[in-house]
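**Q** Before I ask anything, let me first share the structure, which is written out below as structure tokens.
The values are calculated or read from the model by the stated rules, or taken from the named source; none is laboratory data. Keep in mind that what you see is a predicted model, and the values were worked out from it rather than measured. Cβ placement follows ideal geometry from the backbone for every residue including glycine, while neighbour counts extend to all protein chains displayed.
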Amino acid sequence: MNQAYIALGSNIEPRLEYLQLAIQRLKEHRSIQIKKVSGIYETAPVGFTDQNDFLNMAARIETTLSPPLELLDTCQEIEHSLGRKREIKWGGPRTIDLDILLYNQENIETERLTLPHPSMHERAFVLMPLMDINHHLYLSHIEKDVSTLISEMSLKEKEGVVQCNKIDGGKRIKAYRKLKGYTQIGFAKELGMSVSQLGDIERGKRVPTLETLEKISEQLDISIQELEPKK
Ligand code: A4P
Ligand code: MG
């Protein structure tokens, strides 16, 4: 059996649905078994930055598809079936992108396929999901494991990659705030923070401190557990 890691990304709505559908198609494929999937991360676009934020995740699979070009064909069929069009030549918006990161320990460089994926080790939106799957995953082509690579990344790179449970926490704060009839400006004032700070929390871009959460829970008269991101 061959072991492979696949990175998935979408930045055209409904993003979550595209990810779910792609995982479902991989699952349904008779030559593929999904062994583990990562959490879902919302990530700022890298490269061509004038486009929507992505949702990214990764999966570890086992497959009898061999050589790896057969797996690439399958990934591209799934992309196509989910409406993927290639309008901007590189790195533009997409309903779904399936990249093969690793296929066993193979090193391949052909026109259609490069393995390991050439930029995987530089991208927080690939490495953070991979770390969910396997902390100690060792990338032999650069002689480092995933957690070391992440620890070497700048805070700025990592900040652009937010686990979705934080987004959910922010959404809940926004929903309760509206329920209680607060405007964003009014509520930010109550909390002693700026509107943009509160906006970042509600969009899941900033993790509220415990102190802020306590204030929010007091103002909205709900338990702090209600506000915490779901684990
Ligand atoms: N190809 C070569 N090697 C591989 C491989 N290991 N896996 C070829 C998959 N495909 C591989 O890919 C172009 C060609 O790469 C394919 O024809 C295939 O034969 P594509 O999917 O058609 O086009 P693309 O995705 O726009 O190009 P590419 O090179 O995959 O772009 P990137 O570098 O992956 O950039 N920011 C965030 N936050 N999250 C993202 O997911 N993705 C990109 C795409 C840019 N910025 C992003 C994200
Ligand atoms: Mg791609």
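Residues are listed down the side, and each one gets a yes or a no for (1) within 13 Å of ligand 2 (Cβ to nearest atom); (2) touching a His at 6+ places or on another chain (Cβ under 9 Å):
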site	(1), (2)
Thr63	no, yes
Thr74	no, yes
Arg84	yes, no
Gly92	yes, no
Asn104	no, no
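**Q** When you go through (1) loosely packed, with under 13 Cβ neighbours inside 10 Å; (2) in contact with a helix residue (DSSP H, G or I) (Cβ under 7 Å, 6 or more places away or on another chain); (3) within 18 Å of Glu79 (Cβ to Cβ) one by one for Lys36, which number turns out not to apply?
**A** (3)
**Q** Could you tell me whether Asp99 is within 13 Å of ligand 1 (Cβ to nearest atom), at pLDDT below 95 and not in a helix (DSSP H, G or I)?
**A** no
**Q** Tell me, yes or no, whether the range 79-92 has at least one residue that is within 13 Å of ligand 1 (Cβ to nearest atom) and touching a Leu at 6+ places or on another chain (Cβ under 8 Å).
**A** The answer is yes; a qualifying residue exists.
**Q** Pick from Tyr103, Tyr138: which is of a type in the set (Ser, Thr, Tyr) and touching a Pro at 6+ places or on another chain (Cβ under 8 Å)?
**A** Answer to the check: Tyr103.
**Q** Could I ask something else about it? What pairs come up if the first residue lies in the range 200-218 and is in contact (Cβ under 8 Å) with a residue 60 or more places away in the chain, the second is part of a helix (DSSP H, G or I), and their beta carbons are under 9 Å apart, counting only those six or more places apart or on different chains?
**A** Short answer, once both residue conditions are applied: Gly204/Cys164; Gly204/Asn165; Gly204/Lys166; Gly204/Ile167; Gly204/Asp168; Gly204/Gly169; Gly204/Gly170; Gly204/Lys171.
**Q** In this structure, is Tyr41 under 25 Å from Asn134 (Cβ atoms), of a type in the set (Phe, Trp, Tyr) and within 20 Å of the chain's Cα centre (by Cα)?
**A** yes
**Q** Search the range 161-204 for residues being of a type in the set (Lys, Arg) and out of contact with any Gly (no Cβ under 8 Å at 6 or more places or on another chain), and hand back the single one that is farthest from Glu122 (Cα to Cα).
**A** Lys180
**Q** Take the conditions among the hydrophobic types (A, V, I, L, M, F, W, C), within 8 Å of ligand 1 (Cβ to nearest atom) and surrounded by fewer than 19 Cβ atoms within 10 Å (Cβ to Cβ) and apply them to Ala7. Does it pass?
**A** no
**Q** Among the residues that make up the range 83-95, is at least one of them surrounded by 21 or more Cβ atoms within 10 Å (Cβ to Cβ), at pLDDT 95 or above and within 17 Å of the chain's Cα centre (by Cα)?
**A** no
**Q** Give the number of residues within the range 104-116 that are touching a residue at least 40 places away in the same chain (Cβ under 8 Å), within 8 Å of ligand 1 (Cβ to nearest atom) and surrounded by 11 or more Cβ atoms within 10 Å (Cβ to Cβ).
**A** Final tally of qualifying residues: 2.
**Q** Take the residues in the range 117-168 that are acidic (Asp, Glu) and either touching an Asp or Glu at 6+ places or on another chain (Cβ under 6 Å) or not in a strand (DSSP E or B) (or both); name whichever of them is surrounded by the fewest Cβ atoms within 10 Å (Cβ to Cβ).
**A** Out of the qualifying residues, it is Glu143.
**Q** Any residue in the range 174-182 that is assigned to a loop (DSSP other than H, G, I, E, B), touching a His at 6+ places or on another chain (Cβ under 8 Å) and at pLDDT 90 or above?
**A** no
**Q** Another one. Restricting the range 10-22 to residues that are of a type in the set (S, T, N, Q) and within 14 Å of ligand 2 (Cβ to nearest atom), which is surrounded by the fewest Cβ atoms within 10 Å (Cβ to Cβ)?
**A** So the residue we want is Asn11.
**Q** While we're looking at this one, here's another question. For residues in the range 183-211 being among the hydrophobic types (A, V, I, L, M, F, W, C) and within 30 Å of Gly9 (Cα to Cα), which is modelled with the lowest pLDDT?
**A** Val207
**Q** May I pose another question? For the range 21-47, give me each residue that is part of a helix (DSSP H, G or I) and polar (S, T, N, Q).
**A** Within the range 21-47, just Gln24 meets the criteria.
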